[in-house]
1. How much mean residue ellipticity at 222 nm does the chain get from its helices, if each DSSP H run of length 4 or more adds -39500 (n - 2.57) and you divide by all residues, to the nearest 500 deg cm²/dmol?
2. Ignoring any ligand, DNA or RNA, what whole percent of the accessible area of the chain comes from carbon and sulfur when the probe is 1.4 angstrom?
3. Which of the lysines could a cross-linker bridge to residue 130, judged by Cα under 28 Å and excluding same-chain residues fewer than eight apart?
4. Which is farthest toward the positive dipole end of segment 180-333 among 298, 244, 260, measuring Cα position about the Cα centre, with Cβ charges +1 (Lys, Arg) and -1 (Asp, Glu)?
5. Let me know the charge dipole size of segment 157-245 about its Cα centre in debye, to the nearest 20, where only the beta-carbon of Lys, Arg (+1) and Asp, Glu (-1) is charged.
6. Highest mean first, how do 319-329, 195-205, 97-107 rank when packing is the count of other Cβ atoms within 10 Å averaged over residues?
7. So, counting K/R as plus one and D/E as minus one, what does the shell of residues with Cβ under 13 Å around residue 36 add up to?
8. Please report the antiparallel percentage of the DSSP beta bridges confined to the chain, to the nearest 5.
Amino acid sequence: MTVSDHFSATYAEAREKFRAAARAAGATLTAYENPKAHTPDGAPLTTDVACLGPADAKRVYLTISGTHGAEGFCGSGCQIGFFNERIYEAAPADTKIVMIHAINPYGFAWIRRVTEDNVDLNRNFQDFAKPLPNNAAYKDVHDWLIPADWDGPAKAAADKAILDYQQKHGLRAYQAAVTGGQYSHGDGLFFGGGQATWSNTTLRRILMEHVPANALKLASIDYHTGLGPMGYGEPIYVGPVMLGSMRGVDKAKAWYGPSVTDPNDGSSTSAKVTGTVPEAFLDLPPSIEVVSVALEYGTKPVPEVLNALRADHWLHARGDLNSPLGQQLKRQMRDAFYVDTAPWKAAIFGRAADFALRSFHGLAE
């Protein structure tokens with residue numbers, strides 16, 4: 001078996017491989033079926049959870065794949081490899097392994113970054129009883145992101161307007177305006193939603209059902225792709241500002257090393273966002289210390305990734321999935337978040353394995 005064998009070409013293949021690898025490792029499996037959506041060929045969609053180790057363990061190692069759907073090709077391969085390469089054998093005593101596969105199965109199966117509600121799951125963990133964040137900059141660029149056509153004058157005019165915006169404000173400001181999350185345009189990019197999605201409530205349910213209430217430490221790694229240098233896995237701290245008397249990012253650096261970045265201080269390739277997945281960990285007992293990072297793997301330059309996202313939103317809002325253009329844009333979307341080459345997969349899995357071992361070391365302290 002090679003590293004490439006851990007990765008899959010489709011959601012269905014990934015799910016089958018994940019379940020087979022988990023069973024071979026002796027893990028127990030639980031499936032959560034999404035009643036709101038199905039695969040492109042009409043099959044059910046599920047989030048699968050594999051658990052290994054004592055049910056009442058004091059330590060928990062938890063990983064999440066597919067938060068952003070199409071990014072699940074990467075995370076799934078890391079999780080499958082974790083079982084296939086028996087990395088779990090290095091876990092310290094009294095540790096429970098919790099692998100959450102395809103938390104956004106719709107996005108994974110349809111090669112989209114969003115859920116079936118057109119919601120960015122990593123912007124959806126908000127208190128919807130309170131006023132939602134206002135991204136004024138997004139409102140300035142929204143109309144350019146999804147033009148009336150993709151191969152005509154409307155697209156050309158929109159592209160020119162975006163280029164003018166970037167020249168005036170800078171690429172970083174444009175990226176922040178688009179990716180920071182918005183709650184005003186339901187058909188737009190990085191839409192955080194108006195209520196909790198199925199994937200949101202399912203993740204909270206999984207944590208309640210599979211994380212021991214008596215646990216003392218939890219290490220969480222959420223796999224992402226699309227930002228940063230090709231093949232590099234940037235460890236982004238995504239937890240609370242403080243963990244007890246220590247800054248959360250400092251705790252993460254103590255566990256994972258000085259390469260850990262923080263969107264709050266501008267050291268990360270990621271924009272500062274709210275409503276992220278780690279908000280779900282606040283549902284757990286406060287006695288559990290949660291050290292949470294996102295491993296963000298680079299694929300293509302940011303402008304190409306953002307253009308692929310624009311194209312995908314345009315395609316599902318105004319295009320024809322079955323047309324030659326639609327198929328071309330779907331390939332472009334997949335390539336923006338999954339580099340289907342052996343060297344990229346080797347870099348991705350090697351980094352994931354390294355961070356699993358670093359997590360075990362931190363849990364054992």
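The values are calculated or read from the model by the stated rules, or taken from the named source; none is laboratory data. Quantities reported herein were computed from a predicted structural model and do not represent experimental measurements. Cβ coordinates were reconstructed from backbone atoms using ideal geometry, including for glycine residues, and neighbour counts include every protein chain displayed. Side chains are part of the model used for accessible areas, which takes the heavy atoms of the whole protein and leaves out ligands, DNA and RNA. Shrake-Rupley method; radii C 1.70, N 1.55, O 1.52, S 1.80 Å.
1. Working: 11 runs with 145 residues, N = 365.
That calculation yields -12500 deg cm²/dmol at 222 nm.
2. Values: 7790 of 14360 Å².
Accessible surface attributable to carbon and sulfur in the chain totals 54 percent.
3. Correct list for residue 130: 36, 139, 272.
4. In segment 180-333, that residue is 298.
5. Numbers: 6 positive and 6 negative charges, 36 e Å.
Taking the Cα centre of segment 157-245 as origin, the dipole is about 180 debye.
6. Numbers: 319-329: 13.2, 195-205: 20.0, 97-107: 27.9.
For the peptides 319-329, 195-205, 97-107, the packing ranking is 97-107, 195-205, 319-329.
7. Working: positive: none; negative: 33, 116, 117.
In short, -3.
8. Values: 19 of 43 bridges.
Just about 45 percent of them are antiparallel.
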